Amino acid sequence: MTTAFASPSTYVQGKDLLKTASKYIKPFGDHGILLTDDIVWGLVGEKFYNYLTNDGLKIEHVFFGGESSPEEIDRIKAIGDSSDAKFIISLGGGKTNDTTKAVGDQLKIPIVITPTLASNDSPCTRLSVLYSENGEFLKYLFYDKNPDLVLVDTAVIAGAPVKFLIDGIADALSTNIEAQTVARAREITLLPLDTQQTQAGLALAEKCQQLLFRYTDQAVAAASDHTVTPALDHIIEANILLSGVGAESSGLAAAHSFQNGLTALTGDVHKLSHGQKVAFGSLLNLVLVGASDETLTKYITFEHKLGLPTTLKDLHLENASDADLLKVAQLTTQEGETIHNMGFKVTAEDVFDGIKTVDAFSRNLFSN
């Protein structure tokens with residue numbers, strides 16, 4: 001058995017961290033690129049730029065066009081080539097992060113990720129999701145290493161709408177569910193190395209879940225009021241570091257495959273975030289592995305309290321036909337999906353039955 005573990009070289013988290021970020025970045029060189037979109041630039045980007053330049057760094061601000069597309073990557077790479085950038089910084093959300101990772105990988109320069117949301121675990125991973133210029137999914141890009149530096153300013157995270165934190169909690173909740181599934185099956189992880197879990201990766205996934213169940217209520221209250229507390233610190237770390245490293249080094253199973261399977265349909269379901277879709281997928285994963293009533297109730301209650309989807313109605317699929325749901329199930333189980341890490345054969349019919357069971361169980365739970 002060959003195992004592997006991967007993580008960012010350095011992870012730093014703290015309140016008002018943008019103000020002192022230069023001391024963590026200066027070892028990479030004296031000039032680089034800062035990639036942000038228009039909205040982030042107006043909110044915190046210009047201030048961050050001034051902090052860096054006032055501390056002696058030469059920074060070229062590059063506006064991000066909105067899609068992590070091959071064309072956008074090529075455009076920014078050309079800018080980096082012409083300026084002989086020594087590093088590249090992402091300030092923004094998932095697509096900004098993914099584009100930054102791709103550009104940094106191609107230029108072979110250090111990558112600094114500074115997330116403005118705790119809505120997903122992309123900051124710490126060694127992969128990017130690529131889309132067309134029209135926003136259609138193209139492929140995943142995997143890299144030889146994770147980002148060199150991840151800087152998380154908790155005041156910035158707390159300043160965002162609380163819904164983004166909840167999206168991240170939903171995504172993070174799947175981490176240990178899928179990690180334990182992969183562990184039982186002794187399947188490979190998400191790392192592009194064809195390797196199995198280390199105990200370290202599995203421990204991070206378990207710690208991620210522990211923090212979520214222990215501190216989520218306090219953290220959501222703090223984020224709703226845009227304040228930073230120890231509980232919010234714990235949840236931000238769970239959403240970004242523990243979920244990212246835990247999922248990558250421990251593997252995915254049914255929860256994320258279901259999220260992908262939903263692309264078989266059109267309509268309002270796609271108004272939901274990645275985390276919201278994965279939330280239902282986590283419940284499906286539990287049903288497929290034969291979780292007890294007590295366990296399923298625990299997770300459904302947790303998600304329901306946060307306003308996450310636990311029924312087909314919550315997914316805007318209350319009127320979906322069985323034929324539609326079967327299409328989702330078929331795409332969920334297509335070749336190459338991580339649902340095949342379950343350790344037993346999972347058919348489209350199994351997934352269809354699981355979807356219906358989650359819906360019925362959840363409706364019954366809250367009708368009593």
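Charges only on Cβ, +1 for Lys and Arg, -1 for Asp and Glu: so what's the dipole of the range 197-267 about the Cα centre, in debye to the nearest 20? Don't jump to the answer; show the numbers that get you there.
On the way: 2 positive and 6 negative charges, 33 e Å.
The dipole magnitude comes to about 160 debye.
Ligands, DNA and RNA left out, the 1.4 Å accessible surface of the range 14-160 is 50% carbon and sulfur atoms.
Tally Lys and Arg at +1 and Asp and Glu at -1 over the other residues with C-beta under 14 Å from the C-beta of A78: what net charge comes out? The answer is -4.
Excluding R186 itself, calculate the net charge of residues whose Cβ lies under 15 Å from the Cβ of R186, where each Lys or Arg counts +1 and each Asp or Glu counts -1.
Around R186, the surrounding residues sum to -2.
Count Lys and Arg as plus one, Asp and Glu as minus one, and take only other residues whose Cβ is under 12 Å from that of K26; the net charge is then +1.
Expressed as an acute angle from 0 to 90° and rounded to the nearest 10, what is the orientation of the C-alpha long axis of helix 274-288 relative to the principal long axis of the chain? The angle comes out near 40 degrees. When the Cα convex hull of the chain is projected onto planes of every orientation, the mean area is 17.4 nm². Computed as a quarter of the hull surface, the mean projected area of the alpha carbon convex hull for the range 10-159 stands at 7.7 nm².
How would you classify the range 149-195 from its alpha-carbon gyration tensor, with a ≥ b ≥ c the square roots of the eigenvalues: rounded for a/c under 1.5, else prolate if a/b is greater than b/c, otherwise oblate? Here the range 149-195 falls in the oblate category. Modelled spin-label separation between K139 and Q334, with each label point placed 7 Å from Cα along the Cα-to-Cβ direction: 1.5 nm. Spatially close Lys pairs in the range 253-367, defined by Cα atoms under 14 Å apart and a spacing of eight or more places or different chains, total 4. Computed per residue of the chain from DSSP H runs no shorter than four, each worth -39500 (n - 2.57), the mean residue ellipticity at 222 nm is -15500 deg cm²/dmol. Basic side chains Lys and Arg get +1 at the Cβ, acidic Asp and Glu get -1 at the Cβ, and with that the dipole of the range 10-159 about its Cα centre reaches some 540 debye. Relative to the longest principal axis of the Cα atoms of the chain, the long axis of helix 348-367 makes an angle of roughly 90 degrees. Per residue, the solvent-accessible area of the chain (1.4 Å probe, heavy atoms of protein chains only, all protein chains present) comes to 42 Å². Across the range 205-293, the mean sequence separation of Cα contacts (distance under 8 Å, 6 or more residues apart), normalised by length, yields a relative contact order of 26 percent. The charge dipole of the chain, taken about the Cα centre with unit charges on the Cβ atoms of Lys, Arg (+1) and Asp, Glu (-1), comes to about 720 debye, rounded to the nearest 20.
Write down the percent of antiparallel bridges among all DSSP beta bridges whose residues are both part of the chain, to the nearest 5. Working shown, then result.
Numbers: 5 of 27 bridges.
About 20 percent, rounded to the nearest 5.
Against the chain, whose longest principal axis comes from its Cα atoms, helix 70-83 is set at around 20 degrees. For K101, a cut-off of 13 angstrom between C-alpha atoms picks up these aspartates and glutamates, skipping any fewer than 8 places away in its own chain: E72, D74, D144, D148. Nonpolar atom fraction for the range 244-368, defined as the carbon and sulfur part of the 1.4 Å probe accessible area, stands at 48 percent. Taking trypsin sites (Lys or Arg not before Pro) across the range 80-115, the ones in a DSSP loop with at most 11 further Cβ atoms lying within 10 angstrom of their Cβ are K108.
The values are calculated or read from the model by the stated rules, or taken from the named source; none is laboratory data. Because the structure is a prediction, the values reported are computed rather than measured. All Cβ positions, glycine included, derive from the backbone under ideal geometry; neighbour counts span all protein chains shown. The area values use the complete protein model at the heavy-atom level, side chains included, leaving out ligands, DNA and RNA. Shrake-Rupley method; radii C 1.70, N 1.55, O 1.52, S 1.80 Å.
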